[in-house]
1. Within the group SER165, SER145, SER121, SER112, which residue is polar (S, T, N, Q), out of contact with any Ser or Thr (no Cβ under 6 Å at 6 or more places or on another chain) and over 21 Å from ASP189 (Cα atoms)?
2. Find the residue count for the stretch 93-112, including only residues that are more than 11 Å from THR197 (Cβ to Cβ) and in contact with a strand residue (DSSP E or B) (Cβ under 9 Å, 6 or more places away or on another chain).
3. Which one is farthest from PRO80 (Cα to Cα), of the residues in the stretch 172-200 that are in contact (Cβ under 8 Å) with a residue 60 or more places away in the chain and surrounded by fewer than 16 Cβ atoms within 10 Å (Cβ to Cβ)?
4. Evaluate the stretch 144-166: report whether one residue or more is touching a residue at least 24 places away in the same chain (Cβ under 8 Å), within 17 Å of ILE104 (Cβ to Cβ) and of a type in the set (D, E, K, R).
5. Please work out which residue is farthest from ARG138 (Cα to Cα), limiting yourself to the stretch 73-112 and to residues that are assigned to a helix (DSSP H, G or I) and either under 35 Å from the mean Cα position of the chain (by Cα) or among the polar types (S, T, N, Q) (or both).
6. Quick one: in the stretch 91-109, which of the residues that are within 14 Å of SER145 (Cα to Cα) and either among the acidic types (Asp, Glu) or in contact (Cβ under 8 Å) with a residue 40 or more places away in the chain (or both) is surrounded by the most Cβ atoms within 10 Å (Cβ to Cβ)?
7. Conditions first: (1) more than 26 Å from the chain's Cα centre (by Cα); (2) in a helix (DSSP H, G or I). ALA200 passes all but one, so which condition is the exception?
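Rule-based calculations on the coordinates, nothing more; no lab input. Bear in mind that the values here come from a model prediction, so they are computed numbers and not experimental data. Note that each Cβ is placed from the backbone with ideal geometry, even for glycine, and that neighbours are counted across all protein chains shown.
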Amino acid sequence: MERGDVISILAALIIVSLIAVVFNPAAGEDQAGQGEIQTPGETPYRPPDAGAAEPSPSPTAPPVPEPYRIRYNPDYLTYPRHLLPPNMGTFGGSDILWKSNRTIPFAYVEESGGGLTETFSVPYPVWRMNCTVYAERRPHAAHISFILVDAGDGTIVEGAELWYSGSVVKNVQSSDAEYYLIVGCDAVDRYRIDFETLPAYASA
């Protein structure tokens, strides 16, 4: 047998061996048949450890209730204070806005004229009154003034005054009491005072 024939036979044997290894699915398994056939890109299934605790679901924040409407009370004569102070200018202008633009409204007053509201309580230590005035018929004469009153002794907690259309915001740091509003309006088509707090206080 010539040398060239020997080389050809060896090359053929090597090729046959390679083909057998590639196409034999049991080639990578051990003798006990414990090997796994794994599709590329898949992770083999592993049974869970019986002693391992299941991960607990992450807590979710309690739902925030819809804002409720505070209406005027026709029986306000039982209140300790009935009138606005003569000088509303002592309360100054709008307070500094909160850094967070995300607020949680929890109550509101929406009317077209003045009056005294029913009493209400606020469960949050920090909140604000965000008043918006709408006046299209006589915008040059529109005026609103209001005060937040402690229903127990008639103490004025906060107040605000606004001329023309626009908004005014007053921050309040007072809770655990009963309150009511005294509102005075002139040439106002409609106004709305939203009572708002921050998410951190609403979910506490």
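1. Among SER165, SER145, SER121, SER112, only SER121 is polar (S, T, N, Q), out of contact with any Ser or Thr (no Cβ under 6 Å at 6 or more places or on another chain) and over 21 Å from ASP189 (Cα atoms).
2. Number of matching residues: 10.
3. Step by step, filter the stretch 172-200, then rank; the result is PRO199.
4. No, that holds for no residue.
5. THR78
6. Across the stretch 91-109, the extreme among qualifying residues is VAL109.
7. Here ALA200 clears every test but (1).
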